[in-house]
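Okay, structure first, notes after.
The values are calculated or read from the model by the stated rules, or taken from the named source; none is laboratory data. Source: prediction; values computed, not measured. We place every Cβ from the backbone using ideal geometry, glycine too, and count neighbours over all the protein chains shown. With ligands, DNA and RNA removed, areas are computed over all heavy atoms of the protein, side chains included. Shrake-Rupley method; radii C 1.70, N 1.55, O 1.52, S 1.80 Å.
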Amino acid sequence: MEFITVKDATDFVGGLSNVSKMPCKSYGLSAYKCKTGSKLRKIPGSACDTCYALKNQYLWGPVPIAHYRRIQTIYKPEWVPAMVRAINNAPHFRWHDSGDIQSVRHLTKIVRVAELTPDTKHWLPTHEYKMVSTYLKKHGSFPENLIVRMSAAMVDGQPPKRFALTSTIHKNQAPIGYECPAHKQDNECKDCRACWNPEVKNISYEWH
């Protein structure tokens with residue numbers, strides 16, 4: 001199936017998100033569909049204990065409808081070319097402002113989208129250590145334009161081991177590595193692109 005227009009492609013994948021703090025469009029799934037996140041939500045003090053994607057606008061209006069539409073399309077053969085067309089060579093793109101990788105197969109398709117959009121820098125934060133490890137064991141690495149950051153499980157926890165690019169959340173402890181400046185600048189990225197930068201090994205986000 002060939003998508004002639006960006007709109008047709010975007011409609012097929014269930015739409016893209018315009019998150020106010022982000023300098024680019026993003027793609028989210030329902031946080032209720034998170035594999036590891038659903039387990040972490042039950043653990044006090046975890047990164048998912050007070051999940052922002054299970055509050056406010058994520059639960060009403062068009063957002064949950066879009067999440068449902070997206071989850072229905074990720075395994076369709078047209079999904080990769082549709083995502084490529086929808087991204088439309090944007091300079092930056094964020095995967096999963098809500099939700100997470102659903103399977104190794106899903107991750108493999110995301111990688112293919114990155115390969116077909118070499119001029120776009122992709123950022124994918126994830127708690128799915130096993131899925132990422134399984135993919136890397138088979139394929140060795142990710143495309144240079146796809147930054148996969150493994151998220152720490154606990155607030156004030158250490159970065160996940162064995163992974164080159166990580167992120168943490170600080171609340172009562174000092175930030176580890178590079179501190180995300182968003183909380184000091186109207187909760188926006190502004191001109192910061194550290195999340196997409198492979199030279200930044202760990203990014204620490206202030207708990208909120």
Quick one: which residue in Asn187, Asn202 is open to solvent by less than 30 Å² (accessible area, probe 1.4 Å), touching a residue at least 12 places away in the same chain (Cβ under 8 Å) and farther than 14 Å from Ala47 by Cα? Asn202
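Conditions tested, residue by residue: (1) within 30 Å of Lys161 (Cβ to Cβ); (2) under 14 Å from the mean Cα position of the chain (by Cα); (3) surrounded by fewer than 19 Cβ atoms within 10 Å (Cβ to Cβ).
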position	(1), (2), (3)
Pro62	no, no, yes
Thr73	no, no, yes
Ala82	no, no, no
Ile101	yes, yes, no
Leu107	yes, yes, no
Leu116	no, no, yes
Trp123	yes, yes, no
Thr126	yes, yes, no
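On the given criteria, is Lys190 outside any loop (DSSP other than H, G, I, E, B), farther than 20 Å from Gly37 by Cα and over 16 Å from the mean Cα position of the chain (by Cα)?
Numbers: outside any loop (DSSP other than H, G, I, E, B): no; farther than 20 Å from Gly37 by Cα: yes; over 16 Å from the mean Cα position of the chain (by Cα): yes.
Here the answer is no, as Lys190 does not meet what is asked.
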Go through region 101-141 and count every residue that is more than 30 Å from Ala174 (Cα to Cα) and either part of a loop (DSSP other than H, G, I, E, B) or not polar (S, T, N, Q) (or both). 25
